[in-house]
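Worksheet for the structure shown next.
The values are calculated or read from the model by the stated rules, or taken from the named source; none is laboratory data. Bear in mind the structure is a predicted one, so any value in this text is a computation, not a measurement. Methodologically, a virtual Cβ is constructed for each residue, glycine included, from the backbone with ideal geometry; neighbour enumeration extends over all protein chains shown. When the accessible area is computed, the model is the full protein with side chains, heavy atoms only, and any ligands, DNA or RNA have been set aside. Shrake-Rupley method; radii C 1.70, N 1.55, O 1.52, S 1.80 Å.
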Amino acid sequence: ARLREFDPDYDFIGSGHKPVVVLPLDFRAKNFREQVSTWAVSLECIGDVSTAKELRDYLSKGCTDSTIYDCLPNALDFAVKINNKAGVILLIDEFYHGVREAAQGSVNARLITRLLDFVRSFIDRRRAVAAGYGSAIITLIAGARSDYGWWQENRGHVDKSLVDDVKFFEDQIDRIVSQA
């Protein structure tokens, strides 16, 4: 409902009015079908009806269980299908909570790996689109200090492949931040 109140023409990059699509992704929530459905709503708000329809079609065919991580579209294809002139705000919430749950075994670590791969691939591909069309991508990653603290203290006792995946993601995000 709040996405409908968001002004898709807000000039957040200062170069004239450009549409802005908001893509929330909450690592604590388990219903990825519902989250990705909000992406379609946001796309419709900026007039990108064809991409929204493709996303809805994908959800109806490829995502039969609301908790399965295959509800995420192909990041590379999705990044280029969004209106090239649109800015993208990718909101990632509860990042370290999801990592902590995977480390403790309450969530399949493959879920977190899939989410990290999606985000990283989407950002990389969308950055190339943004550079060519004067649009932008903003990624906000949030998490509780307590979850981050837990990760810092306990990652030495966590499955090495999960630690490597999270470290690689953090390194990639740091690389992007340093270039911004």
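Brief remarks follow.
- Residue match in region 100-123 (condition: charged (D, E, K, R), open to solvent by less than 30 Å² (accessible area, probe 1.4 Å) and under 18 Å from residue 75 (Cα atoms)): no
- Residue 176 being farther than 15 Å from residue 97 by Cβ and modelled with pLDDT of 85 or more: no
- Total residues in region 126-172 satisfying the condition of being of a type in the set (Val, Ile, Thr) and out of contact with any helix residue (DSSP H, G or I) (no Cβ under 8 Å at 6 or more places or on another chain): the figure is 1.
- Within region 80-99, if we keep just the residues that are open to solvent by 50 Å² or more (accessible area, probe 1.4 Å) and touching a residue at least 40 places away in the same chain (Cβ under 8 Å), the residue that is farthest from residue 19 (Cα to Cα) turns out to be 93.
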